[in-house]
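Down below is the structure, laid out as structure tokens.
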Amino acid sequence: MRSAANFAWCNRQLLMQQTRDVFAEVFGRTWESMQMNLVYDVCHNIAKFEEHMVEGKKKRLWVHRKGATRAFPAHHPEIPSAYRSIGQPVIIPGDMGRASWVLVGQPGSMEKTFGTTCHGAGRLLSRTAAVRESQGRRIDKELEGRGVIARAQSWRGLAEEQPDAYKNVDDVVDVVHRAGLSRKVARMRPIGVIKG
């Protein structure tokens, strides 16, 4: 698992740098001058040794966050110093046609979920069901109608990840917020295409 986590971290770093390089080429400026700095890098679907209260006693245990990510509150010692006074940044992506969220970990996560929250909206349809439901549809054109340009290696890949395959992220985030696991900070939506 450590090797897989290290591979994923390295892969994200490479993808980030490749994105920076494309922006630099297109805009003729360095990524530093465009302030394309890494804000936060977070793992999900990983197990870690942590200390948590269990039946009133502090215990060291493995916490496996499958479909989840950390949501530590402010002043937790494992939060990077840049965020320690506000709490762990939490990123909850939605589907490619709606929105994603940035939240911050709250004390309720330590009391209820070992410092954990979801890391995505979650699927409504299996990949197979999403493909079956997409027969005869042009998902790319549907997304384009919403102002989102989607590029995929195959129709099947796009069908598997279509917006209808996922829960509405706004509803999921409302639950997380009301439960006191993470507090809403910002809602982000895909950048639309201006047609004129």
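One table, with the values for the structure above:
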quantity: Conditions (1) open to solvent by 50 Å² or more (accessible area, probe 1.4 Å); (2) assigned to a strand (DSSP E or B); (3) out of contact with any helix residue (DSSP H, G or I) (no Cβ under 8 Å at 6 or more places or on another chain); number of the one not met by Ala186; calculated: (1)
quantity: Thr113 being of a type in the set (Val, Ile, Thr) and within 19 Å of the chain's Cα centre (by Cα); calculated: yes
quantity: Number of the exception - Leu103 against (1) open to solvent by less than 40 Å² (accessible area, probe 1.4 Å); (2) part of a strand (DSSP E or B); (3) touching a Phe, Trp or Tyr at 6+ places or on another chain (Cβ under 9 Å); calculated: (3)
quantity: Conditions (1) more than 30 Å from Gly180 (Cα to Cα); (2) open to solvent by 40 Å² or more (accessible area, probe 1.4 Å); (3) part of a helix (DSSP H, G or I): number failed by Glu111; calculated: (1)
quantity: Any hit, the stretch 126-137, residues being on the phi < 0 side of the Ramachandran plot and touching a residue at least 40 places away in the same chain (Cβ under 8 Å); calculated: no
quantity: Candidate set: the stretch 31-48, residues that are surrounded by fewer than 13 Cβ atoms within 10 Å (Cβ to Cβ) and more than 21 Å from Val90 (Cβ to Cβ); chosen: the one farthest from the chain's Cα centre (by Cα); calculated: Ser33
quantity: Members of the stretch 80-100 that are open to solvent by less than 20 Å² (accessible area, probe 1.4 Å) and either out of contact with any Gly (no Cβ under 9 Å at 6 or more places or on another chain) or of a type in the set (Asp, Glu) (or both); calculated: Asp95, Gly97, Ala99
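The rows are residues; the columns are (1) within 23 Å of Arg70 (Cα to Cα); (2) among the hydrophobic types (A, V, I, L, M, F, W, C).
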{"position": "Ala129", "(1), (2)": "no, yes"}
{"position": "Arg132", "(1), (2)": "no, no"}
{"position": "Gly147", "(1), (2)": "no, no"}
{"position": "Ala165", "(1), (2)": "no, yes"}
{"position": "Leu181", "(1), (2)": "yes, yes"}
{"position": "Arg187", "(1), (2)": "yes, no"}
{"position": "Pro190", "(1), (2)": "no, no"}
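Table: residues versus (1) out of contact with any strand residue (DSSP E or B) (no Cβ under 8 Å at 6 or more places or on another chain); (2) assigned to a strand (DSSP E or B); (3) open to solvent by 60 Å² or more (accessible area, probe 1.4 Å).
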site	(1), (2), (3)
Arg12	yes, no, yes
Leu15	yes, no, yes
Arg20	yes, no, no
Arg29	yes, no, yes
Glu50	no, yes, no
Arg60	no, yes, yes
Thr69	no, yes, no
Phe72	no, no, no
His75	yes, no, yes
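The values are calculated or read from the model by the stated rules, or taken from the named source; none is laboratory data. The model shown is predicted, which means the values in this text are computed figures rather than measured ones. FYI the Cβ positions are ideal-geometry reconstructions off the backbone, even for glycines, and counts take in every protein chain you see. Surface accessibility is based on the protein's heavy atoms, side chains included, excluding ligands, DNA and RNA. Shrake-Rupley method; radii C 1.70, N 1.55, O 1.52, S 1.80 Å.
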